[in-house]
Amino acid sequence: MEITLLTYLIVCPLTFLAGFVDAIAGGGGLISIPAFMFTGMPMHYVIGTNKLSSSLGTTLATYKYARKGYIQWHAALYCTVCAFLGSFTGSHLALLLDQSLFRVIILIILPITAYYVLRGKSFSGDRNPYPEKKTILIAMASALLIGVYDGFYGPGTGTFLLLLLTGAAHMKLTEANGVSKFINLMTNYTALAVFLYSGTVYITLGLVAGAFNIAGNWLGTRAFEKGGVRTVKPIILGVLVIFFIKTIYDIMV
């Protein structure tokens with residue numbers, strides 16, 4: 001596929017928005033992956049190039065959250081191993097599947113994501129905390145599960161991680177966001193290595209889009225520090241609706 005100026009004009013603004021959304025509440029892939037899809041590139045290149053751009057933005061967000069003390073390193077480091085194994089497995093599965101199956105999968109994923117985003121208490125983190133050991137074990141299981149999903153496809157990974165870490169592991173929202181960013185960073189790097197090795201990444205496009213994603217993540221982390229989680233929900237839901245309609249259209253035509 002030829003990468004034209006129009007490709008950059010479509011992808012770059014949306015990867016900026018994806019970075020902003022992802023830094024606050026996860027789910028940036030719900031914006032960036034449709035952006036790459038709209039250009040008409042093959043699905044495996046969509047996922048691989050998106051991994052490159054999103055990895056750059058997530059690196060910045062992780063750094064900023066680490067500086068703020070939001071990352072529980074003890075839990076995060078244990079989760080890294082699980083995330084690595086999950087993402088490695090998932091990314092290999094992705095290379096074996098065709099595009100039609102991806103479309104069927106996202107028809108299932110998107111309504112589930114919308115349900116969790118619409119729940120008023122999804123990001124509250126107001127539950128009684130578990131003992132540290134139990135929290136870490138649940139977080140590790142979450143990292144393994146989401147690692148497989150992220151390596152396999154990826155949209156909504158950060159959102160799913162936030163929901164599991166606050167809802168299942170009973171972490172505070174700030175800590176859950178910090179740990180989820182670190183886990184997401186590890187899964188992104190692992191999956192990216194597989195896609196680079198397979199040659200399914202448009203590197204120049206991914207780097208340019210990554211610069212826009214970095215800018216979005218920078219603004220998003222600032223918004224999160226000021227309590228801006230609620231402001232991102234309408235954006236995520238809007239993207240879910242658009243993406244869902246487009247997926248149905250692609251299946252029908």
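The values are calculated or read from the model by the stated rules, or taken from the named source; none is laboratory data. Because the structure is predicted, anything quoted here is derived from the model rather than measured. So basically every Cβ, Gly included, is an ideal-geometry build from the backbone, and we count neighbours across all protein chains shown. Each accessible area value is taken on the protein alone, full model and side chains, heavy atoms only, with ligands, DNA and RNA left out. Shrake-Rupley method; radii C 1.70, N 1.55, O 1.52, S 1.80 Å.
For the range 68-78, the criterion of a residue being closer than 28 Å to LEU207 by Cβ and in a helix (DSSP H, G or I) is satisfied by at least one position. What residue, among those in the range 128-159 that are open to solvent by 20 Å² or more (accessible area, probe 1.4 Å) and not in a helix (DSSP H, G or I), is farthest from ALA193 (Cα to Cα)? Step by step, filter the range 128-159, then rank; the result is ASN128. The listed residues are GLY86, GLY19, and the only one of them that is closer than 22 Å to LYS181 by Cα and modelled with pLDDT under 90 turns out to be GLY86.
Annotation note: of LEU162, LEU110, LEU95, LEU101, the sole residue that is under 14 Å from the mean Cα position of the chain (by Cα), more than 27 Å from ALA66 (Cα to Cα) and either loosely packed, with under 15 Cβ neighbours inside 10 Å or modelled with pLDDT under 85 (or both) is LEU110. Among all positions in the range 9-23, there is no residue which is small (Gly, Ala, Ser), over 12 Å from the mean Cα position of the chain (by Cα) and part of a helix (DSSP H, G or I). With the requirement that a residue be over 15 Å from LEU17 (Cα atoms), at pLDDT 95 or above and among the hydrophobic types (A, V, I, L, M, F, W, C), what does the range 45-59 give you? Listed by number, the list holds a single entry, LEU52. Number of residues in the range 2-21 that are touching a residue at least 60 places away in the same chain (Cβ under 8 Å) and open to solvent by 20 Å² or more (accessible area, probe 1.4 Å) equals 6.
Tell me yes or no: at least one residue of the range 47-68 is under 17 Å from LEU165 (Cβ atoms), of a type in the set (A, V, I, L, M) and in contact (Cβ under 8 Å) with a residue 12 or more places away in the chain. Yes, the range 47-68 has at least one match.
Of all the numbered requirements in (1) open to solvent by 60 Å² or more (accessible area, probe 1.4 Å); (2) under 14 Å from the mean Cα position of the chain (by Cα), LYS51 misses one, and that requirement is (1).
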